[in-house]
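To keep things clear, I will list the structure first and then write my remarks on it.
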Amino acid sequence: MTTSLSPGRHRVRRDWLSLLLSHAVLLTGAVFMLLPLVFMIVSSIKPPAEIFEATFSLWPRNFYGVQNFQSALTTAPLFRFLVNGAIVCGGILVVQLLVAIPCAYALAKLNFPGKRLLFALVVLGLCIPVQAPALPLYIAFAQLGVLNTYFSMMAPFFLSVFAIFLLRQFFKSYPDEIIQAARLDGVGELEIVWRIVVPSAWPAIAAFAVFSVVAHWNDLYWPLIVISDPKLATPPLGMMFFADSEVGSNYGALSAGATIITAPLVIAFLLARRRFIAGITMTGIK
Amino acid sequence: MSTATAVHGRVPMGRRNQQFIESLAGIGFATPALILLILTNLAPLVVLGVLSFTNYELGAVAFNSVGLKNFAAAMQDPVIRRSLGNTLLYVAIVVPAGVFLAMLIAILVHRRTKSRSFYEVIYFLPVTTTLIAMATMWQFLLHPRLGPINAFLVSLGFERVPFLSEPRLVIPTLAAIGVWQLIGFNMVLFLAGLSAIPRELYEAADVDGASHPVDRFLKVTWPMLGPTTMFVTITTFITAFKVFDTVAVLTHGGPMGSSETLLYAVYLEGFQYFHLSYAATLTLIFLAFTLVFSVAQTFFLDRRVHY
């Protein structure tokens, strides 16, 4: 997009040069970004002897993928980790939405006593990193005897102040007239929320869902604290157990395991690239 | 709102009724959230504050107030001082590198038309990967004797670099992995910021004679990107200050404590050694550092998220 001013010849040459330079920088960066991913996939199909050969090759001379994946799957319940991850992320997201949506609607559209105070508390909650309440929650869960359960992994995240905050902003722009008209037709508040307002907030809900799932799928800190039973491990925790185990020195199997652990979210991203990027743009916070 | 009721010509009786229903619904809708907010956030913070002034340990029947002893102990604890220093060094590398490299990438990617989504996908991929799995791969890649990166350095005529076992290199190495993980995330935020810059501004700058890319950047891009840059910097700071995963998996704080970080120290004291009151104190110190930035982040969120 150069301008209407006479594009001199030096300018054309400069455009070419800058194009070349841009791609050179971007491609160099791209190699750095893809390095561990490519290395992981390549190592997962190589025999142990080939992985650390001085000359790095992208394709093995002896295809060893079957053995690596087999040994990864027999030493660690990798699919179990993925299922655990799905249960934990799904459970967290469902409760987060069930709790946050009505609250966000109330803060956006209803007048009730204590509204300002509640919103102030939500904003305060936004300033507290999730690692801060971890210790008291751990003590409480230990006293209740619920450590090493799915519940203990999910419960601290049932309330997302961020979801309330984001959805409140979104609901606020919903036209009052429609809500008022529905009320006059005798539609109850609960129905107004779930039947009328929520469908219009789909982009914000999808954005939050991406944010929530990416955050909790990859979270290590909290599962590491409350889970010691490998059967309940989420993907990151399972990966850590796996890497620490004896097989951890079998680099081919470990790479195969890492591939299995990493695949679901990466594939989801590749399939729904626009959703992911829109989600991150809208939420913009980790 | 109640004005809308008036427009519809309802009698005051109906309006009062409507107000009553609204209050009831509002309280009903907000109560589950409020209860959970208290249970998972506010009450734990109060407990944290109380614990930090006691000598409570897990399973203890009785415990006493010890005043500021825990805080004094933390100030003098060489592990904590080292952890704080390491964390700040990590932040000092990750924040500028993570912000400015992401900005550079975003500017370059933004101008591409055909290859834009290609680069977008590649740079964003690490954000969606499980960091623990990727950290393990970095460990292979960086292995002092066997790793391909060292093989590459040797082939160029350099010496082998013990990235993760040399005390002076371990934090910069972890920082590089940290930048690798978050650069795509920041890039996406910058791309959104760049799309919001009106094209006319560049055309105007062109007419004014600022047609060189550097001029265009200084006159238009940089100032227009200001709020985004601020927001990205704050978010990156918070993420960097919470560094934990790579330390826990790759170094366990070693060699010789040279990669201990604050959150890792909190984790060890609280959940490995069960010095709960001391860990509570450390958590409060951790909280104090992040609070300034989280407050700023919340302020920005309030202005950013509007439709």
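List of remarks:
- Cα-based equivalent ellipsoid, segment A:65-148: semi-axes from gyration tensor eigenvalues, Å: 39, 18, 12
- Longest exposed-site-free window of chain B, the sites being GluC sites (Glu not before Pro) in a DSSP loop that have at most 15 other C-beta atoms within 10 Å: B:160-307
- Averaged over peptide B:15-28, the number of partner chain Cβ atoms lying within 10 Å of each residue's Cβ comes to 5.
- Semi-axis lengths, Å, segment B:215-307, gyration tensor of Cα atoms, sqrt of 5 times eigenvalues: 35, 17, 9
- Taking every C-alpha pair closer than 8 Å and separated by at least 6 residues, the mean separation divided by the residue count of segment A:94-197 gives a relative contact order of 49 percent.
- If R0 is 35 Å, the Cβ-Cβ spacing of A:W194 and B:F118 corresponds to a FRET efficiency of close to 0.30.
- Per the Cα gyration tensor, the protein assembly as shown maps to an equivalent ellipsoid with semi-axes of 41, 35, 24 Å, ordered largest to smallest.
- Extension gain, A:R61 back to A:L270 (0.36 nm per residue minus Cα-Cα distance, nm): 72.3 nm
- Taking 0.36 nm per residue of separation and subtracting the current Cα-Cα distance, fully stretching the chain between B:L156 and B:V207 would add 13.6 nm.
- Residues with amide H under 5 Å from that of A:A233, placed H, sequence gap 5 or more: none
- In order through segment B:223-230: 3J(HN,Hα) via Karplus (6.51 cos²θ - 1.76 cosθ + 1.60), integer Hz, x for Gly, Pro: x, 5, 8, x, x, 4, 4, 4
- Placed amide H near B:T54: partners under 5 Å, 5+ positions off or other chain: B:V66
- FRET efficiency, 1/(1 + (r/R0)^6) with R0 45 Å, evaluated for A:A181 and B:L146 via beta carbons: 0.05
- Note, ³J(HN,Hα) from phi for segment B:279-293, Karplus 6.51, -1.76, 1.60, rounded to Hz, x at Gly and Pro: 5, 4, 4, 5, 4, 5, 5, 4, 4, 4, 5, 7, 4, 3, 6
- Selection from B:A280, B:V292, B:S155, by position along the positive dipole direction of segment B:69-304 (Cβ): B:S155
- Spin-label pair A:I87/A:A142, simplified geometry with 7 Å Cα→Cβ offset, distance in nm: 2.4
- Radius of gyration and Dmax over the Cα atoms of segment A:9-65, both given in Å: 18.0, 56
- Within 10 Å of each Cβ in A:95-108, the average number of Cβ atoms from other chains: 4
- Dividing the summed -39500 (n - 2.57) terms of all DSSP H runs of n ≥ 4 by the residue count of the protein assembly as shown sets its mean residue ellipticity at 222 nm at -22000 deg cm²/dmol.
- Averaged over the residues of peptide A:111-123, the number of Cβ atoms from other protein chains lying within 10 Å of each residue's Cβ is 4.
- Among the helices of chain A, those built from whole DSSP H runs whose Cα atoms reach 18 Å or more along their own axis and whose mean Kyte-Doolittle hydropathy is at least -0.5 are A:9-44, A:78-109, A:202-217, A:251-271.
- Put simply, the convex hull of the Cα atoms in chain A casts, on average, a shadow of 24.1 nm².
- Debye log10 I(q)/I(0) for segment B:69-304, one point scatterer per Cα, at q = 0.08, 0.09 Å⁻¹: -0.39, -0.48
- Listed by chain and number, the lysines whose alpha-carbon sits under 28 Å from that of A:K109, ignoring those within fewer than 8 places in the same chain, are A:K172, A:K286.
- Rounded, prolate or oblate (a/c below 1.5 giving rounded, otherwise prolate when a/b exceeds b/c) for segment A:76-244 by Cα gyration tensor: prolate
- Charge dipole (Cα centre; +1 on Lys/Arg Cβ, -1 on Asp/Glu Cβ; no other charges) of chain A amounts to roughly 940 debye.
- Sorting the segments B:183-195, B:247-259 by their mean number of nearby beta carbons within 10 angstrom, highest to lowest, gives B:183-195, B:247-259.
- Under the simplified labelling scheme, the B:T31-A:S18 pair shows an inter-label distance of 6.2 nm, with each label point 7 Å from Cα along Cα→Cβ.
- Gap separating the Cα centres of segment B:121-163 and segment B:242-264, nearest whole Å: 18
- Since only A:L58, A:T74, A:A108 are under comparison, the one whose Cα sits farthest along the positive direction of the charge dipole of segment A:1-144, derived from C-beta charges on Lys, Arg, Asp and Glu, is A:A108.
- Taking all Cα pairs closer than 8 Å and separated by 6 or more residues, the relative contact order of segment A:1-148 comes to 11 percent.
- Charge-dipole axis of segment A:146-221 as Lys and Arg at +1 and Asp and Glu at -1 on Cβ define it, positive-most pick from A:Q169, A:V213, A:G186: A:V213
All of the numbers you see were taken from the coordinates with simple rules; none came from a lab. None of the values given here were measured: they were computed from a predicted structure. Note that we place each Cβ from the backbone using ideal geometry, even for glycine, and neighbour counts take in every protein chain shown.
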